[in-house]
Amino acid sequence: ATRAGVRTLGTLTPYVTRDGDAAPVATTLRAPGGMDARERVAAAQAADANVPVQAAAGDLAKEMIRVNHYGRAADRSVVLASLAALAEGLRALGAEASEAAAAAEAAGAAWDGIAA
């Protein structure tokens, strides 16, 4: 659901391209060239400090964003809040991003498809 929602935002892309290869506990996202992932995470957390979004560590800190979805974060409302915060954070830093409603709709459809 997180990956489906992120794809509608347009600016960030999943690090792992095939859904079947993605980890079930987190979604890793690539910040496009010229964008620092740490700034994107800070902007998303400024929009909602409670979302489980963080920059990667080490060599990938500038380019990878991690959205955790395990434990209490494995909840539809947390996924939707994370997508809304990412969209707001992208816009706050001047990046083009679709409305959070489009990301929420795509994530909800994916969530419902998996739950069915």
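The values are calculated or read from the model by the stated rules, or taken from the named source; none is laboratory data. Here the structure is a predicted model, which is why all the values come from computation and not from measurement. In this analysis, Cβ positions are derived from the backbone assuming ideal geometry, glycine residues included, and neighbour counts consider all displayed protein chains. Please note that ligands, DNA and RNA were not included when accessible areas were found on the heavy atoms of the full protein model with its side chains. Shrake-Rupley method; radii C 1.70, N 1.55, O 1.52, S 1.80 Å.
If you go through segment 25-47 and keep only what is free of Cβ contacts under 8 Å to residues at least 24 places away in the same chain and either open to solvent by less than 10 Å² (accessible area, probe 1.4 Å) or at negative phi (or both), you end up with 32, 33. If you filter segment 69-97 down to residues that are part of a loop (DSSP other than H, G, I, E, B) and more than 13 Å from the chain's Cα centre (by Cα), you find that the one that is farthest from residue 26 (Cα to Cα) is 94. Residues in segment 48-68 that are of a type outside the set (Gly, Ala, Ser), part of a loop (DSSP other than H, G, I, E, B) and open to solvent by 60 Å² or more (accessible area, probe 1.4 Å): 50, 62, 63.
Would you call residue 8 in a loop (DSSP other than H, G, I, E, B), open to solvent by 20 Å² or more (accessible area, probe 1.4 Å) and among the polar types (S, T, N, Q)? No: the conditions fail for residue 8. Just one of (1) out of contact with any His (no Cβ under 8 Å at 6 or more places or on another chain); (2) within 18 Å of residue 24 (Cα to Cα) fails for residue 49. It is (2). Residue under question is residue 28, and the condition is that it be out of contact with any Ser or Thr (no Cβ under 8 Å at 6 or more places or on another chain) and farther than 15 Å from residue 82 by Cβ; does it hold? Considered against the rule, which asks whether it is out of contact with any Ser or Thr (no Cβ under 8 Å at 6 or more places or on another chain) and farther than 15 Å from residue 82 by Cβ, residue 28 comes out as no.
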